[in-house]
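Asks: Have a look at this one.
The values are calculated or read from the model by the stated rules, or taken from the named source; none is laboratory data. Model, not experiment: these values are computed from the prediction. All Cβ positions, even for glycine, are placed from backbone atoms using ideal geometry, and neighbour counts span all protein chains on display.
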Amino acid sequence: MPHIFHEFDNAIGDLKSHVLQMASLTRQNLERAVQALITRNIDLSRTVIGEDTEVDELEMKIDHLGMEILLRFHPVASDLRLVITSMKMAHNLERISDHAVNIAKRAKKLCKSGDPLETAMIEPLYTKAEHLLRDALLSYTDGNTDLGERLKNGDAELDKAHKEVIALLSSRLETAGSGAENLLHLIFVSRSIERIGDLAVNIGEDAVFMNEARDIRHEHRRNLGEEDRVVEKSEEG
Amino acid sequence: MVNPVQDTAIHIDNVCFAYSGKQALHDVSLEIPSHKITAFIGPSGCGKSTLLRCINRINDRIAGARITSGTVRIHEIDIYRKDIDIQELRRRVGMVFQKYNPFAKSIYDNVVFGLKIAGMTKRSELDAAAEAALTGAALWDEVKDRLHSSALGLSGGQQQRLCIARAIANEPDILLMDEPCAALDPLATLKIEELMLELKKKFTIVIVTHNMAQASRCSDRTAFMYLGKLIEYGDTLQIFRNPSDKQTEAYISGAFG
């Protein structure tokens, strides 16, 4: 429903369009970073590293716009949740873009190596992470709460696939000789993709809060009894 | 719509109210908790002031205005019972209005006015009560050296706090405030709001306000009214974070109409 004070609607619209622009740029950076790795394209790696500055600037712009809305219009209810979620989303997108830069930097180093690369195992990980990110963004733009809530399941699959890739790459480290460095780069790439999945889940959780005022963060932990939490903690430790 | 709360000071049950046959409140029910601040919000003409004025029967002064059905109980006593002493009711339910209205008398005489009417004559008792009320209204330090000066020489914010002192001098249980800051500047408004948070330790406060920020800053519970009906009533943070009714959301978000 439009606000009586149209300037408020304009400010909200401006905030959302900056978030969408940042999301689009972040997805593009991630895709290019992985393509740079797979196709050994050093120029594409450099593009990703350069574009990250624009993502950083968009994060600051979104923070600025959000703060301005809080100051000028004192939003409440769904407006307040939208502003808070947009600012948190910008933070998560900035971190995703940082991971894309990490991947691009590793790709740059790997491009210089003449050895054959085991990048085939990275592609399915990226596909899973990309789907998570796409669904997280849809849960924000379309108000699709179901998508936001289901991200945890997809992330669990990504985590499992990530562990398998790490196990495989690690098992080859001892016998890799001079190729060990390349394997380590791929381990870090895999780690970045796994973290991107976590950040997509964060975005989806925030979108659920925005759409329905429900806080689903740490729901798994909250549903555990105290005893289970202690057991889980000791297992982690 | 009834929201049971603990330590209820005021029970409003199915109240309908009309001004000369024109229905102003439709079947309003809510329970107002003790020692909390409850805010009535809503657009002009929604019935929030009418509802507030039902709590001390000040509407009785208007010809043709009356509750047509339902009850208002204060600490379980039906205040519309025929044997209710109206003077005693208004002593127990003090009221502060939008336009501060001190009498054209000294500061001191304003504060002890109600006490004298109630029969208090001993100077020492009146002095002690005046000091306690002015202290309670956070005004004592500002006026203690000029208690016998005209109340009309005080600033707007001070005059409103004097009216609060005058109301609490009678040691009421409940304080009704009808847009108490509407005529005050932002700093005087903040002083009244700060005072309200202190006063709720001793009194149950019900406030009518058009100021959404004031309702969200000060009140514990908020009731949104529209066209004489109670649309939503609940915890203030919940109302401002995630109201359950679309009309409430539209009003507090500035998207109404």
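Asks: May I ask you to say which residue of A:VAL55, A:VAL83 is in contact with a helix residue (DSSP H, G or I) (Cβ under 9 Å, 6 or more places away or on another chain) and more than 14 Å from every other protein chain (Cβ to nearest Cβ)?
Replies: A:VAL55
Asks: Would you check if there is a residue in the range B:216-229 being part of a helix (DSSP H, G or I) and within 14 Å of chain A (Cβ to nearest Cβ)?
Replies: Going through the range B:216-229, the residues part of a helix (DSSP H, G or I) turn out to be B:216-218.
Cutting the leftovers down to within 14 Å of chain A (Cβ to nearest Cβ) gives us B:216-217.
Among the residues of the range B:216-229, at least one is part of a helix (DSSP H, G or I) and within 14 Å of chain A (Cβ to nearest Cβ), which makes the answer yes.
Asks: Tell me yes or no: at least one residue of the range B:219-226 is modelled with pLDDT of 95 or more, out of contact with any helix residue (DSSP H, G or I) (no Cβ under 7 Å at 6 or more places or on another chain), closer than 25 Å to B:ASP27 by Cβ and surrounded by 19 or more Cβ atoms within 10 Å (Cβ to Cβ).
Replies: The first filter runs over the range B:219-226 and keeps only residues modelled with pLDDT of 95 or more, leaving B:219-226.
Among the residues that remain, those that are also out of contact with any helix residue (DSSP H, G or I) (no Cβ under 7 Å at 6 or more places or on another chain) are: B:223.
Subsequent filtering for residues that are closer than 25 Å to B:ASP27 by Cβ retains B:223.
Cutting the leftovers down to surrounded by 19 or more Cβ atoms within 10 Å (Cβ to Cβ) gives us B:223.
Checked against the condition, which is being modelled with pLDDT of 95 or more, out of contact with any helix residue (DSSP H, G or I) (no Cβ under 7 Å at 6 or more places or on another chain), closer than 25 Å to B:ASP27 by Cβ and surrounded by 19 or more Cβ atoms within 10 Å (Cβ to Cβ), the range B:219-226 yields at least one hit.
Asks: Additional query: If you check A:THR85, A:THR53, which single one turns out to be of a type outside the set (A, V, I, L, M, F, W, C), modelled with pLDDT of 95 or more and surrounded by fewer than 20 Cβ atoms within 10 Å (Cβ to Cβ)?
Replies: Details: A:THR85 fails: surrounded by fewer than 20 Cβ atoms within 10 Å (Cβ to Cβ).
On inspection, the qualifying residue turns out to be A:THR53.
Asks: Now a separate question. Look at A:LEU20 and say whether it is hydrophobic (A, V, I, L, M, F, W, C) and surrounded by 17 or more Cβ atoms within 10 Å (Cβ to Cβ).
Replies: Details: hydrophobic (A, V, I, L, M, F, W, C): yes; surrounded by 17 or more Cβ atoms within 10 Å (Cβ to Cβ): no.
Criteria not met by A:LEU20.
Asks: Do you know which of the residues in the range A:58-80 that are more than 14 Å from chain B (Cβ to nearest Cβ) and aliphatic (A, V, I, L, M) is surrounded by the most Cβ atoms within 10 Å (Cβ to Cβ)?
Replies: Keep residues of the range A:58-80 that are more than 14 Å from chain B (Cβ to nearest Cβ), which gives A:58-68.
Those left that are additionally aliphatic (A, V, I, L, M): A:58, A:60, A:62, A:65, A:67.
On the way: A:LEU58: 21, A:MET60: 11, A:ILE62: 26, A:LEU65: 22, A:MET67: 12.
For the range A:58-80, the residue satisfying everything is A:ILE62.
Asks: Determine if the range B:240-253 includes at least one residue that is away from chain A (no Cβ under 14 Å), farther than 16 Å from B:SER44 by Cα and in a loop (DSSP other than H, G, I, E, B).
Replies: Taking the range B:240-253 first, the residues away from chain A (no Cβ under 14 Å) are none.
Scanning the range B:240-253, I find no residue that is away from chain A (no Cβ under 14 Å), farther than 16 Å from B:SER44 by Cα and in a loop (DSSP other than H, G, I, E, B), so the answer is no.
Asks: Output the number of the condition that A:THR39 fails; it satisfies all remaining conditions of (1) within 14 Å of another protein chain (Cβ to nearest Cβ); (2) exposed (fewer than 15 other Cβ atoms within 10 Å of the Cβ).
Replies: With respect to (1) within 14 Å of another protein chain (Cβ to nearest Cβ); (2) exposed (fewer than 15 other Cβ atoms within 10 Å of the Cβ), A:THR39 is out only on (1).
Asks: Within the range A:1-26, can you find the residues that are part of a helix (DSSP H, G or I), within 25 Å of A:ALA136 (Cα to Cα) and without any contact (Cβ under 8 Å) to a residue 24 or more places away in the chain?
Replies: Pass one, the range A:1-26, residues part of a helix (DSSP H, G or I): A:6-26.
If we keep only those that are within 25 Å of A:ALA136 (Cα to Cα) as well, we get A:9-26.
Answer for the range A:1-26, where residues must be part of a helix (DSSP H, G or I), within 25 Å of A:ALA136 (Cα to Cα) and without any contact (Cβ under 8 Å) to a residue 24 or more places away in the chain: A:ASP9, A:ASN10, A:GLY13, A:SER17, A:SER24.
Asks: Looking at (1) modelled with pLDDT under 95; (2) buried (at least 16 other Cβ atoms within 10 Å of the Cβ); (3) of a type outside the set (Val, Ile, Thr); (4) touching a strand residue (DSSP E or B) at 6+ places or on another chain (Cβ under 7 Å), which is the one condition that is false for B:GLY64?
Replies: (2)
Asks: Here is a further query. If you take just the strands (runs of 3 or more DSSP E) that sit entirely in the range B:1-75, which of them hold at least 1 residues that are free of Cβ contacts under 8 Å to residues at least 60 places away in the same chain and of a type in the set (Asp, Glu)?
Replies: Numbers: elements: B:8-19, B:22-33, B:37-41, B:65-74.
Those strands (runs of 3 or more DSSP E) span B:22-33.
Asks: Restricted to the range A:1-31, and to residues that are away from chain B (no Cβ under 14 Å) and of a type in the set (A, V, I, L, M), which residue is farthest from A:ALA129 (Cα to Cα)?
Replies: A:LEU15
Asks: If you go through the range B:82-124 one residue at a time, how many are free of Cβ contacts under 8 Å to residues at least 60 places away in the same chain, assigned to a loop (DSSP other than H, G, I, E, B) and out of contact with any Ser or Thr (no Cβ under 9 Å at 6 or more places or on another chain)?
Replies: Filtering the range B:82-124 down to residues free of Cβ contacts under 8 Å to residues at least 60 places away in the same chain leaves B:82-90, B:103-124.
Subsequent filtering for residues that are assigned to a loop (DSSP other than H, G, I, E, B) retains B:82-85, B:103-105, B:118-122.
Those still in the list that are out of contact with any Ser or Thr (no Cβ under 9 Å at 6 or more places or on another chain) too: B:82-85, B:103, B:118-122.
Within the range B:82-124, residues that are free of Cβ contacts under 8 Å to residues at least 60 places away in the same chain, assigned to a loop (DSSP other than H, G, I, E, B) and out of contact with any Ser or Thr (no Cβ under 9 Å at 6 or more places or on another chain) number 10.
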